[in-house]
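Undergrad: Let me begin by handing over the structure; questions about it come next.
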Amino acid sequence: MLLAERLRHRFGAVTALDDVSFTVQPGQTLAVFGPNGAGKTTLLKVLAGLIHPQGGRAHIDGGRRAIGWIGHQPQLYAQLTVLENLRFWASLYDVPLPPDLLSRLGLAEHAGRSVRSLSRGLVQRVAIARALVHDPAVLLLDEPFTGLDRTAAEAFSRLLAQHAAAGRASVLVTHNVEEGTGLATEVAFMRAGRFVQLAPRGARGPAQVAEDYRNAIA
Amino acid sequence: MRSPDLLRHAWAVASKDLRVEFRSRTAILAAAVFVVLVLVVFKFGHDETAVSNSDLAPSILWVTFTFAAILALNRAFQLELENQALDGLLLAPIARGSIYLGKLVANLIFVATIELLGVPLVALFFNVPVLPFLGPLAAIIALATVGFVAVGTLFSAMTTRTRYAELLLPVLVLPFMIPPLSWAVLATVRLLAARPLSEIVGWLNMLAVYDVVFVALALMLFPATVNE
């Protein structure tokens with residue numbers, strides 16, 4: 001479903017990706033943990049086709065139509081309402097707006113409000129709705145919990161769990177081990193553009209993964 | 001990508017841009033104020049005994065349109081950077097060309113709105129009779145505007161992620177604007193001097209060729225300008 005094969009990319013003297021390879025199958029969630037500047041966002045952008053890697057190849061079954069992206073920037077137009085934003089993005093995917101999307105994310109009562117007037121947590125929920133508007137087979141998540149309060153983060157985690165249970169794949173990158181571990185079936189630690197460890201999460205909980213992360217990154 | 005899809009997605013991008021501008025009204029108001037200000041300054045700074053109104057009006061008209069258009073072009077891709085919406089557009093399964101065409105259409109409507117304000121004001125301030133020549137004048141304005149907005153939209157995409165986008169855009173785009181602007185000014189001078197229409201047909205043909213060449217070139221080059 002998702003394949004990364006010997007990905008390499010540099011920005012000038014900075015190595016962003018250095019021989020990164022992995023696959024993610026339907027139903028799997030790969031959580032990539034790494035410090036700031038490790039190359040996590042570049043990895044997602046290469047997977048999404050937003051950056052052409054200087055070496056290696058990335059492939060996602062279904063191409064761009066299969067991808068949903070949730071990043072720390074919401075990719076929304078602040079002057080437009082929630083509904084106008086979602087309708088715009090749906091039109092680019094040639095799909096109607098799913099009738100239950102707003103209610104699933106608790107946005108029904110905010111549909112007519114401009115994005116500019118929403119709190120950071122609500123904006124992030126709209127960004128999630130935007131990413132799900134075309135029912136993508138693969139979700140690429142770049143620090144998706146940023147700005148979400150505890151309740152919203154838990155609701156979002158449940159949504160991602162449903163996404164995985166429906167046989168969809170996800171790649172989540174974050175520097176926060178506690179947030180991502182619960183969702184992960186596979187765990188990778190990234191440093192200076194390299195995967196220093198890639199393994200199934202197995203029975204490891206957040207505390208164990210956090211300790212493994214500290215050991216691997218140190 | 002089929003042509004109907006290309007055009008439908010382009011219209012989705014254009015109508016979104018226009019809706020955003022309609023809501024904020026920042027750029028259109030700035031451009032409108034600019035147009036009025038320039039025309040007022042020229043009106044009161046102009047010595048009619050030195051240069052006649054009909055000789056000066058075409059140059060003022062096109063100087064005003066050019067700089068008002070640059071205001072529009074500067075904002076065309078800036079609004080996509082606010083929340084990294086540009087990445088969302090590039091990720092969508094649409095042809096890159098539809099993004100360019102959408103931006104071009106939105107910019108053309110924006111500049112046309114400014115031109116609709118500018119033409120009557122020039123006629124009023126400089127006492128130039130435009131009504132008898134409205135059809136040919138509209139043709140000159142439309143053809144010249146398509147040309148320089150097509151080039152400007154491409155350069156706007158190129159410069160928008162750079163640090164000095166607002167400075168770079170006019171520096172890059174003005175040399176490419178010189179041909180259509182000079183042809184437009186020459187044609188407008190002859191038109192407002194009530195010369196035969198046959199004298200401006202050549203300039204109109206040149207403008208049409210410029211439009212076809214640069215819209216086609218911009219459509220080809222646009223994907224390379226937005227890829228990281």
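What follows is calculated from the coordinates using simple rules that are stated; it is not laboratory data. As the structure is a computational prediction, the values presented were derived from the model and not from experiment. When we count neighbours, we look across all protein chains shown, and the Cβ atoms used for this are built from the backbone with ideal geometry, even at glycine.
Undergrad: Would you work out which of B:185, B:212, B:138 lies farthest towards the positive end of the dipole of the range B:3-226, given +1 charges on the beta-carbon of Lys and Arg and -1 on that of Asp and Glu, about the Cα centre?
TA: Of B:185, B:212, B:138, it is B:212.
Undergrad: Across the range B:47-53, in residue order, what do the Karplus-derived ³J(HN,Hα) couplings come to in whole Hz, using 6.51 cos²θ - 1.76 cosθ + 1.60 with θ = phi - 60° and x for Gly and Pro?
TA: Using θ = phi - 60°, the values come out as 9, 5, 6, 8, 10, 6, 4 Hz.
Undergrad: Moving on to the next point. For chain B, what's the relative contact order in percent, using C-alpha pairs closer than 8 Å and at least 6 residues apart?
TA: This gives 27 percent for chain B.
Undergrad: Can you give the calculated 222 nm mean residue ellipticity of chain A, where each DSSP H run of n ≥ 4 adds -39,500 (n - 2.57) and the sum is split over every residue, rounded to the nearest 500 deg cm²/dmol?
TA: Roughly -9500 deg cm²/dmol at 222 nm, from the helical runs in chain A.
Undergrad: List the residues, sorted by chain then number, that are 5 or more residues from residue A:190 or on another chain and whose placed amide H is less than 5 Å from its amide H.
TA: A:33, A:34, A:196
Undergrad: Report ³J(HN,Hα) in whole Hz for each residue of the range B:175-187, in order, from the Karplus equation J = 6.51 cos²θ - 1.76 cosθ + 1.60 where θ = phi - 60°; Gly and Pro get x.
TA: Those phi angles translate into x, 6, 7, 4, x, x, 5, 5, 5, 5, 5, 4, 5 Hz.
Undergrad: Cβ under 13 Å from residue A:65's Cβ, residue A:65 left aside: what net charge do those residues give with Lys, Arg +1 and Asp, Glu -1?
TA: Spelling it out: positives minus negatives among the neighbours equals -3.
Undergrad: Something else: Over all alpha-carbon pairs in the range B:3-226, figure out the percentage whose distance exceeds 33 Å.
TA: 18
Undergrad: Next up: Please arrange B:176, B:77, B:126 by how many other C-beta atoms lie within 10 Å of their C-beta, fewest to most.
TA: B:176, B:126, B:77
Undergrad: Using only the alpha-carbon atoms of chain A as identical scatterers, what base-10 log of I(q)/I(0) does the Debye formula give at q = 0.07, 0.12, 0.13, 0.14 Å⁻¹?
TA: Cα-only, vacuum Debye calculation for chain A: -0.21, -0.62, -0.73, -0.85.
Undergrad: Next question, about the same structure. Could you please state, rounded to a whole Å, how far the C-alpha centre of the range A:1-47 is from the C-alpha centre of the range A:81-103?
TA: 30
Undergrad: Could I ask something else about it? What whole-number volume per residue, in cubic angstrom, does the convex hull of the C-alpha atoms of the protein assembly as shown give?
TA: 156
Undergrad: Sticking with this structure for a sec: Quick check on the range A:76-135: what are the equivalent-ellipsoid semi-axes from the Cα gyration tensor, as sqrt(5λ), descending, whole Å?
TA: Over the Cα atoms of the range A:76-135, the ellipsoid semi-axes are 17, 12, 9 Å.
Undergrad: Hey, fewest Cβ within 10 Å first, where do A:128, B:60 land in order?
TA: With the fewest neighbours first, A:128, B:60 line up as B:60, A:128.
Undergrad: How would you rank B:158, B:220, going from fewest to most other Cβ atoms within 10 Å of each one's own Cβ?
TA: Ranking B:158, B:220 by Cβ neighbours within 10 Å, fewest first, gives B:220, B:158.
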